[in-house]
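> Shown below is the structure under consideration.
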Amino acid sequence: MIGTDTDKATQILRDGGLVAIPTETVYGLAGNALDVKVVAKIFEAKNRPTFDPLIIHLADIDLWEQYAENIHPLFIELATIYCPGPLTFLVKKKKNIPDLVTSGSPYVAVRFPEHPLTRTILSNLDFPLAAPSANPFGYISPTTAQHVHAQLGSKVDYILDGGPCEVGLESTIIGIEGNKVTVLRKGGFDAELIRNHTHLDLSYFESSTSNPSAPGMLLSHYAPRVPLYLVDDIEDFIANSPNSNIGILCFGRQERDFTQAKMVLDLSPSQNLHQAAKNLFDYMRKLDDAGLDYIIAERVLGQGLGLGINDRLGRAAVKG
Ligand code: TXA
Ligand code: MG
């Protein structure tokens, strides 16, 4: 059932149920992070392998120390400035976080989501919410309540409708060692902002198929059912392909001639990265549902949120 009743959502969560919650990034499939049975239900509903750990969601950074230890002062500083927001921190977990949440890792991913409905629920609960994106494992993340309903409707007890997600890309995940911050997943927070903090050295973790223990970073992920080709020059690609039952996902169409294609969706006519991030998953789903033979997409500007968008396009694309 879809609705906007936070009291009902809170009660279901207290009773050990699952609720799809809106966040600024994507919708999450939430349950009590401290209850192993509930956490197991989350993995099952998503058909997610248990080697892929879950993020826990807290109302406030003051609660952080109840679930994590040795939190780096620079993390506290970053959280104080940028949270609630689309930034997730990898920190040493305390014993009260079940191993199933972290897939056996001594580190837990923590975030402080920004959406008024979800913040209301979190502040009414006395436990954190474990919440992966509310999509079947490997598919495109949901950015509306309807996306969740279409795929997990029968597996959640309630879908809390908070409207379309403002950011539209999953949170950026960071870890820290010494004064060196590693971006483990590019996402809805512009990690370059972290460089502005003196003494912080920033690097990006690059995944490979041989490193599946860095999950969510599996090379094939966030993928539509219809093949998606990520190309450098869309016009050139379609000129060499006689098929018209195709879709195009572009970033600023301008004067380009795409009349051959059945469906053309422009992530942002004015090449605005925030708009592109917000539209990305919804447009991928629309193209996937249009009965096309394949989708042709292009990269967006490779800076700021563009890093996360290009990362998702790369994982959605046919390899080879
Ligand atoms: O924006 C988001 O982060 C959304 C909303 C719902 O909060 N959540 C989300 O969760 O994207 P999920 O489960 O789809 O992706 C979480 C990813 C995992 O795939 C994994 O890569 C990483 O976070 N992660 C979580 N816990 C980790 C841990 N203990 N160690 C390493 N990576 C971890
Ligand atoms: Mg996910």
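> What are the pairs with Cβ atoms under 6 angstrom where one residue, in segment 245-262, is at pLDDT below 95 and the other, located anywhere, is assigned to a loop (DSSP other than H, G, I, E, B) and open to solvent by 20 Å² or more (accessible area, probe 1.4 Å)? Sequence gap at least six, or different chains.
Listed by first residue and then by second, the contacts come to 260/244.
> Right, something else. Quick one: would you say residue 314 is touching a strand residue (DSSP E or B) at 6+ places or on another chain (Cβ under 9 Å), open to solvent by 20 Å² or more (accessible area, probe 1.4 Å) and not hydroxyl-bearing (Ser, Thr, Tyr)?
yes
> Now, a different point. Return the residues of segment 124-181 that are polar (S, T, N, Q) and within 16 Å of ligand 2 (Cβ to nearest atom); say none if nothing qualifies. Full working, then the answer.
Of all residues in segment 124-181, those polar (S, T, N, Q) come to 124, 133, 135, 141, 143-144, 146, 151, 154, 171-172, 179.
Hits for segment 124-181 are 133, 135, 141, 143, 144, 151, 171, 172.
> Right, next: Considering only segment 121-148, state which residues are more than 25 Å from residue 60 (Cβ to Cβ), within 16 Å of ligand 1 (Cβ to nearest atom) and open to solvent by 10 Å² or more (accessible area, probe 1.4 Å).
Of everything in segment 121-148, those that are more than 25 Å from residue 60 (Cβ to Cβ), within 16 Å of ligand 1 (Cβ to nearest atom) and open to solvent by 10 Å² or more (accessible area, probe 1.4 Å) turn out to be 136, 137, 138, 139, 144, 147.
> Have a look at 10, 25 and point out the one that is within 23 Å of the chain's Cα centre (by Cα), closer than 30 Å to residue 274 by Cβ and open to solvent by less than 10 Å² (accessible area, probe 1.4 Å).
25
> For segment 1-29, which positions are among the small types (Gly, Ala, Ser) and out of contact with any helix residue (DSSP H, G or I) (no Cβ under 7 Å at 6 or more places or on another chain)?
3, 17, 28
> Is it true that residue 128 is modelled with pLDDT of 95 or more, touching a strand residue (DSSP E or B) at 6+ places or on another chain (Cβ under 6 Å) and within 29 Å of residue 94 (Cα to Cα)? Lay out the reasoning, then the answer.
Details: modelled with pLDDT of 95 or more: yes; touching a strand residue (DSSP E or B) at 6+ places or on another chain (Cβ under 6 Å): yes; within 29 Å of residue 94 (Cα to Cα): yes.
When the stated conditions are applied, residue 128 passes them.
> Residue check: is residue 118 more than 16 Å from ligand 2 (Cβ to nearest atom), open to solvent by less than 40 Å² (accessible area, probe 1.4 Å) and within 20 Å of the chain's Cα centre (by Cα)?
For residue 118, the condition - more than 16 Å from ligand 2 (Cβ to nearest atom), open to solvent by less than 40 Å² (accessible area, probe 1.4 Å) and within 20 Å of the chain's Cα centre (by Cα) - is met.
> Would you check if residue 50 is under 22 Å from the mean Cα position of the chain (by Cα), at pLDDT below 95 and farther than 22 Å from residue 15 by Cβ?
It is true that residue 50 is under 22 Å from the mean Cα position of the chain (by Cα), at pLDDT below 95 and farther than 22 Å from residue 15 by Cβ.
> Taking residue 79 and the conditions (1) within 16 Å of ligand 2 (Cβ to nearest atom); (2) without any contact (Cβ under 8 Å) to a residue 60 or more places away in the chain, which numbered condition does it fall short on, given that it satisfies the others?
Status for residue 79: all satisfied but (1).
The values are calculated or read from the model by the stated rules, or taken from the named source; none is laboratory data. Here the structure is a predicted model, which is why all the values come from computation and not from measurement. Ideal geometry is used to build each Cβ from the backbone, glycine not excepted, and the neighbour counts take in all protein chains shown. Heads up: the accessible areas ignore ligands, DNA and RNA and are worked out on the full protein's heavy atoms, side chains in. Shrake-Rupley method; radii C 1.70, N 1.55, O 1.52, S 1.80 Å.
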